[in-house]
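Asks: One structure coming up, written as structure tokens, with questions to follow.
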Amino acid sequence: MKFIHLTDTHVIGGGRRLFGADPARRLSLAVESINRDHSDAAFTVITGDLTHWGDAEAYGAFTRAIAALTTPLVLMVGNHDDTASFAAAFPDQLRDENGFVQSTCQTEAGLCLFLDTRVQGTHAGGYCDERLEWLERQLAASEGPVLLFMHHPPIDTGIRSMDAIRMLDAEAFYTVIAPHKHRIRHLFFGHVHRAIFGNWRGISFSCMRGLNHQVAFDLGETGTIPGDLAEPAYGVVLADADQITVHMHEFASRAPCFPLMAPDGDLSERWSTEMRHDGFIDL
């Protein structure tokens, strides 16, 4: 099974730019790429921060940019979203009995659980008792493998400015999932705007870059969140009974492409020595 993991689109309204980039345009380019190269994906999931300010105009711009997507779509919320505005823009999006943007989907790779970690009034994430009870019920009612999706990570990444606004009640969250850890295959999250891969208490995880702006790599005490405009990317996830593979696809990259091997399998000396790429730093 293949699916697409997109996150942190941060669309704004009015055709404006955000940090010098056009988030709606970048989302449109991602949609074009998915439709062209991955139309066989079972679904595309966007793990929150659909908009930057959570206003109706921004959700309208997001809706127009995503409209051409041909795969089934799962939308989640993050700290930059507004639940009421989100609900008005996407009234058919599944929510739990308490109004949280949470849902489930049974797939051939396992039960997908889409979690709502948004907390009103803060950029940090949380998972209250009502949501914990919902998650506990979903896990208790299922038997097979599980894939977890959330906006805020429950882990420290080493980027201290982002770790300060991760899911702050991760211990309560872990207490609920711990009895089922043997069947939780992977945890997918966004929020950190970086490609990060690892393992948390025996559970593998991955994070994808955002579409508009990224969090720069800085493990120091900066006091601010450092940003840059590194290439946008989305995740292409391949899952079967034996493994889960997560590829980061820089769909808008303008880096030159060339063959690494000659048709006969030998390295081509001409390709290796004569190629020049104007505009790229010679390292």
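Asks: Per the helix-only calculation at 222 nm, which mean residue ellipticity applies to the chain, given -39500 (n - 2.57) for every DSSP H run of n ≥ 4 and division by its residues, nearest 500 deg cm²/dmol?
Replies: -6500 deg cm²/dmol
Asks: By count of other Cβ within 10 Å, fewest leading, how are Lys2, Lys181 ordered?
Replies: If I rank by nearby Cβ atoms, fewest first, I get Lys181, Lys2.
Asks: Fewest first, what order do Met261, Met76 take by the number of other Cβ atoms within 10 Å?
Replies: Exposure proxy ranking, most exposed first: Met261, Met76.
Asks: Please rank Leu168, Leu229, fewest neighbouring Cβ atoms within 10 Å first, as an exposure proxy.
Replies: Numbers: Leu168 18, Leu229 12.
Exposure proxy ranking, most exposed first: Leu229, Leu168.
Asks: Hey, in the GNM for the chain with a 10 angstrom Cα cutoff, which one of Gly14, Gly54, Gly78 fluctuates hardest?
Replies: Gly14
Asks: Measuring from centroid to centroid over Cα atoms, what is the spacing of the stretch 93-136 and the stretch 171-245 in Å?
Replies: That distance is 17 Å.
Asks: Among the DSSP beta bridges whose two residues both lie in the chain, what percent are antiparallel, rounded to the nearest 5?
Replies: Beta bridges within the chain, antiparallel portion: roughly 55 percent.
None of the figures in this text is laboratory data; all of them are computed from the coordinates on show. Keep in mind the model is a prediction, meaning the values are calculated, not measured. Methodologically, a virtual Cβ is constructed for each residue, glycine included, from the backbone with ideal geometry; neighbour enumeration extends over all protein chains shown.
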